[in-house]
Amino acid sequence: MTLREIKELLDAEVLVGYDQLDKEIKTAFGADLMSDVLAFAKAGSLLLTGLTNPQVIRTSDVLDIAAIIMVRGKRPSPETLRLAEELLIPVLTTKYILFETAGKLYAKGIVGCMERVDDERAFS
Amino acid sequence: MAAWKGLTTNVLSHETAIYENSFPVEGGTYENAGHVSSQIKALLKRMKISKEVVRRAALVTYESEINICSYARSGKIVLRVTPEHVTIEAIDEGQGIVDIELAMQEGYSTATDRIREMGFGAGMGLCNIKNFSDFFRITSEIGKGTHLKMVIRIDKDFDGI
Ligand SMILES: Nc1ncnc2c1ncn2[C@@H]1O[C@H](COP(=O)(O)OP(=O)(O)OP(=O)(O)O)[C@@H](O)[C@H]1O
Ligand SMILES: [Mg+2]
């Protein structure tokens, strides 16, 4: 799915990265704990989160996250948006809750960047 | 505590560095937290080191940097690149770690509410650092500070700067 299709599906608003909507997305990871994102998220994945502080952008930069979807209608501070612009990381916001957001994406073929933490904890 | 995965330090000391630099990290504030990691990541990318190695190096740097911001007064990240390895050291002046074995356990954390509000403090950072490095060593002196050393092997297909 492209980021543009994801934007339509989630009725999301693009806050940063209008020019990156053609990006192809295959996997996603959802968490409100950056520690977990750092341990489990894979490069090129979509990040679904309810956190909005600048560290979400830093974490995404470190992990090569393709784009961030802020769920539950969360809106980041100007500081967070500035950092996303600087590091060229798309940020979208949707009114859907995390569960609904994940479900809608899953139904369209987006899968988790891993299934279980015990069967594929590949440190890559 | 050291975790060797087939690396020897004398190999490292004989290699000539193609890049070496030290980056200061401010402790006790998150204002610039992660800034050094982004910088180091961009630097390594420019050296045309494989994406995977850059990602692992950025990740271990970031976890160390966040720990300095969270638990130390001040610190620095030292980056050293040779044709075969990326070495990252995180050296801080601060409270130090009383029980390293305990700190290394997944889930152990003394993080404050402020750290948790930002999504950190799950007690996974040090485990993560160990898991993503080919070599990891941690030493600490109570009341003085903590010293982490991480080495990541560069893939064979590395084609130089
Ligand atoms: N540089 C440091 N100086 C002093 N204490 C430290 C330092 N780094 C880690 N610690 C101690 O070790 C504990 C575990 O660190 P670790 O990075 O594994 O987890 P965390 O920082 O608590 O949470 P997370 O990294 O998952 O966000 C910390 O809570 C802290 O008590
Ligand atoms: Mg930590």
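Listed conditions (1) surrounded by fewer than 18 Cβ atoms within 10 Å (Cβ to Cβ); (2) more than 14 Å from every other protein chain (Cβ to nearest Cβ) are all met by residue B:45, apart from (2). Residue count for region A:7-33 under the criterion of being more than 14 Å from chain B (Cβ to nearest Cβ) and of a type in the set (Phe, Trp, Tyr): the result is 1.
Determine whether region A:35-54 contains at least one residue that is more than 14 Å from every other protein chain (Cβ to nearest Cβ), in contact with a helix residue (DSSP H, G or I) (Cβ under 8 Å, 6 or more places away or on another chain) and either free of Cβ contacts under 8 Å to residues at least 40 places away in the same chain or over 25 Å from residue B:61 (Cα atoms) (or both).
No, region A:35-54 contains no residue that is more than 14 Å from every other protein chain (Cβ to nearest Cβ), in contact with a helix residue (DSSP H, G or I) (Cβ under 8 Å, 6 or more places away or on another chain) and either free of Cβ contacts under 8 Å to residues at least 40 places away in the same chain or over 25 Å from residue B:61 (Cα atoms) (or both).
Is there a residue in region B:94-111 that is within 14 Å of chain A (Cβ to nearest Cβ), acidic (Asp, Glu), surrounded by fewer than 21 Cβ atoms within 10 Å (Cβ to Cβ) and on the phi < 0 side of the Ramachandran plot? Yes, region B:94-111 contains at least one residue that is within 14 Å of chain A (Cβ to nearest Cβ), acidic (Asp, Glu), surrounded by fewer than 21 Cβ atoms within 10 Å (Cβ to Cβ) and on the phi < 0 side of the Ramachandran plot.
Among the residues of region B:122-130, none qualifies, meaning not one is under 18 Å from residue A:34 (Cα atoms), surrounded by fewer than 19 Cβ atoms within 10 Å (Cβ to Cβ) and among the charged types (D, E, K, R). On the stretch given as region B:117-161, residues that are over 24 Å from residue B:53 (Cβ atoms), at pLDDT 95 or above and charged (D, E, K, R) total 2.
The values are calculated or read from the model by the stated rules, or taken from the named source; none is laboratory data. All values derive from a computational prediction rather than experimental measurement. Using ideal geometry, Cβ is built from the backbone for each residue, glycine included, and neighbour counts are taken over all protein chains shown.
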